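Let me begin by presenting the structure, written as structure tokens, before commenting on it.
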């Protein structure tokens with residue numbers, strides 16, 4: 001895309017989402033309460049210089065999303081743990097991509113069994129076990145993505161993690 005296309009897309013997003021777009025702010029201030037209070041519903045992270053200077057387009061650098069690129073759950077969990085321990089504690093969001101990436105061989109096998117059955121369903125319990133053991137906040141997870149979350153109790157598990165942030169300070173998660 002040329003710079004003019006980026007500018008067109010940015011203007012279109014501003015027009016479509018309008019006041020629902022969350023302005024760039026201190027990352028640590030972006031809570032659900034803050035978003036509800038301001039009536040913000042959309043955060044746009046834009047990975048192109050055309051968005052620089054636009055207060056509604058967060059720089060892509062504010063949301064690193066390291067990718068394990070593996071079909072092996074053990075390697076995935078090790079990768080997630082490593083990237084969490086190395087992540088910036090302040091000043092950016094962080095995505096933990098709890099996602100297995102199929103290889104050609106996996107895709108071919110998946111044609112017979114289905115990728116969902118072959119890759120995801122047998123590995124999802126391991127991924128969910130990892131999610132359940134996490135702590136939210138500065139020293140923990142921030143955003144978790146995973147495939148086929150409808151097959152497990154993913155949403156409620158993440159909500160329970162968020163509930164940990166509501167504990168009194170003496171019981172707070174660090």
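Please treat every number below as a calculation from the coordinates, not as lab data. Quantities reported herein were computed from a predicted structural model and do not represent experimental measurements. Cβ placement follows ideal geometry from the backbone for every residue including glycine, while neighbour counts extend to all protein chains displayed.
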Cut-off is 10 Å between beta-carbons; in what order do 96, 85 appear when sorted fewest neighbours first? 85, 96
Rounded if a/c is under 1.5, else prolate if a/b beats b/c, else oblate: with a ≥ b ≥ c from the C-alpha gyration tensor eigenvalues square-rooted, which is segment 73-171? prolate
Please check: in the Gaussian network model of the chain (C-alpha springs, under 10 Å), which one of 161, 43, 56 has the largest mean-square fluctuation. 43
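Can you give the relative contact order of segment 73-171 as a percent, counting alpha carbon pairs under 8 Å and 6+ residues apart?
32 percent
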Gyration tensor verdict on the chain (Cα atoms; rounded if a/c is under 1.5, prolate if a/b is larger than b/c, oblate otherwise): oblate
Distance (nanometres) between label positions extended 7 Å along Cα→Cβ at residue 26 and residue 122: 4.9 nm
Quotient of C-alpha Rg and 2.2 N^0.38 Å, computed over segment 3-60: 1.13
Likely footprinting exposure, 1, 128, fewest C-beta neighbours within 10 Å first: 1, 128
Got the relative contact order for segment 3-60 handy, in percent, Cα pairs under 8 Å and 6 or more residues apart? 39 percent
Roughly how tilted is helix 73-86, in degrees to the nearest 10 and between 0 and 90, from the longest Cα axis of the chain? 30 degrees
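Only counting other Cβ atoms within 10 Å, I'd like 8, 40 sorted with the fewest neighbours first.
8, 40
In whole percent, what relative contact order does the chain give with Cα contacts below 8 Å and a gap of six or more residues?
Across the chain, relative contact order equals 16 percent.
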On a full-extension model of 0.36 nm per residue, what is the gain between residue 69 and residue 35, subtracting their alpha-carbon distance, rounded to one decimal in nm? 9.0 nm
